[in-house]
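Undergrad: Could you have a look at this structure, given as structure tokens, before my questions?
The values are calculated or read from the model by the stated rules, or taken from the named source; none is laboratory data. Note that the structure is predicted; figures quoted are calculated from it, not measured. Backbone-built Cβ (ideal geometry, glycine too); neighbour counts: all protein chains shown.
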Ligand SMILES: [Mg+2]
């Protein structure tokens, strides 16, 4: 698969995770969500989920299997977020490398097209998910109040670079 295709999210969301409707996941036959943590669920230096994000996760958890999948090495911090939700987690995931994601997918025992990877970064989250044939969702980074982050220069830069490489991100 070309790099351009690998950088193309299946779903380019206009808002944060907390603003995603669940219906498109149902329509796609998605049964599990692999979720990035930092700036997808909460700001990097926070341990408490914003209320809107927690509510969304509880609703999603009622119908989908959830797994937190973070490049962050802190088992203490990512583990505490996972415990708040009662879900499994991976730290030091090494996205966009595939090895840790392969282990998660092996545990899930689902066809890859029934698993969605949701994150705020194109060159780690979306790239890793696309390399494994998952349904990939790029969301806006979230701030501590559960709102879209005002300073998301990193995502903006990645989107510009991906467009320059030929990805269609509108
Ligand atoms: Mg992130």
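Undergrad: Please go through the stretch 39-65 and pick out each residue that is within 16 Å of the ligand (Cβ to nearest atom) and in contact (Cβ under 8 Å) with a residue 60 or more places away in the chain.
TA: 39, 40, 41, 42, 43, 46, 50, 53
Undergrad: With the condition kept exactly as written, say whether any residue in the stretch 37-47 is under 25 Å from residue 162 (Cβ atoms), out of contact with any strand residue (DSSP E or B) (no Cβ under 7 Å at 6 or more places or on another chain) and at pLDDT 95 or above.
TA: Yes, the stretch 37-47 contains at least one residue that is under 25 Å from residue 162 (Cβ atoms), out of contact with any strand residue (DSSP E or B) (no Cβ under 7 Å at 6 or more places or on another chain) and at pLDDT 95 or above.
Undergrad: While we're on this one: Can you tell me which residues in the stretch 89-138 are farther than 15 Å from residue 28 by Cβ, more than 16 Å from the ligand (Cβ to nearest atom) and in a loop (DSSP other than H, G, I, E, B)?
TA: The answer is 98, 109, 132.
Undergrad: Take the conditions at pLDDT 95 or above, touching a strand residue (DSSP E or B) at 6+ places or on another chain (Cβ under 7 Å) and within 16 Å of the ligand (Cβ to nearest atom) and apply them to residue 24. Does it pass?
TA: No.
Undergrad: May I pose another question? Taking the conditions exactly as written (in a loop (DSSP other than H, G, I, E, B), under 23 Å from residue 123 (Cα atoms) and away from the ligand (no atom under 14 Å from the Cβ)), does residue 8 satisfy them or not?
TA: Yes: the conditions hold for residue 8.
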